[in-house]
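The values are calculated or read from the model by the stated rules, or taken from the named source; none is laboratory data. Since the model is a prediction, treat every value here as computed from it, not as a measurement. Here the Cβ positions follow ideal geometry from the backbone for every residue, glycine too, while neighbour counts run over all protein chains shown.
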Amino acid sequence: YFFSKIMYGKDRLTKPLLRMRNGKYDKEGDFTEVSWETAFDVMEEKFKAALKHDLEANKGKPPEEIVSTVGMFGSGQWTVWEGYAASKLYKAGFRSNNIDPNARHCMASAVGAFIRAFGSDEPMGCYDDLEHADAFVLWGSNMAEM
């Protein structure tokens, strides 16, 4: 899929799936379709349990020894304001520094390849080069879909 059609894929999930056994969440259970309310209730329960555990485990510790069991992968497409809000929520609200952009994982292999191939962590060239090219080679791209 490419971005503009991803919302209409026939195999796109439209309802949450949760690992269930005997009608309850079970980490070893089978994926079962559940209501959004059930999915959010389970997420809330697990998140609150992790935060409670962190509070108890960190009681009396100096700041440099505090650990957190909650974290979040953010989006490389966030606006500055969304990233700021997420950072404040996690760092001030949940007392966790475990927030990271997905870009670190998404681009890690590309950056490694750029460094090996070109000695730089970014693609070579610039838009000005397009005016001087006789041909373009696009790998893995469908320009009609972009």
In segment 40-64, which residues are of a type in the set (D, E, K, R) and farther than 29 Å from Lys27 by Cβ?
-> Glu64
Test for Val70: is it of a type outside the set (Asp, Glu) and loosely packed, with under 10 Cβ neighbours inside 10 Å = no
Could you pull out the residue among Val42, Val70 that is touching a Phe, Trp or Tyr at 6+ places or on another chain (Cβ under 8 Å) and in a loop (DSSP other than H, G, I, E, B)?
-> Val70
Being surrounded by fewer than 12 Cβ atoms within 10 Å (Cβ to Cβ), without any contact (Cβ under 8 Å) to a residue 60 or more places away in the chain, over 27 Å from Lys15 (Cβ atoms) and outside the structural domain of Thr14 (by TED's automatic domain parsing), is that true of even one residue in segment 92-102?
-> yes
Neighbours by Cβ (under 6 Å, 6+ apart or cross-chain): first from segment 37-65, of a type outside the set (Gly, Ala, Ser); second surrounded by 12 or more Cβ atoms within 10 Å (Cβ to Cβ) | Val42/Tyr25; Asp54/Ser68; Asp54/Thr69; Asn58/Ile66
Under the condition of being surrounded by 14 or more Cβ atoms within 10 Å (Cβ to Cβ) and not hydroxyl-bearing (Ser, Thr, Tyr), which residue from segment 74-90 is farthest from Lys52 (Cα to Cα)?
-> Trp78
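Condition test on Ala57, is it at pLDDT 80 or above, surrounded by 10 or more Cβ atoms within 10 Å (Cβ to Cβ), under 17 Å from the mean Cα position of the chain (by Cα) and not polar (S, T, N, Q)?
No, not satisfied.
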Go through (1) at pLDDT below 75; (2) surrounded by 12 or more Cβ atoms within 10 Å (Cβ to Cβ) and name the single condition Leu138 misses.
-> (2)
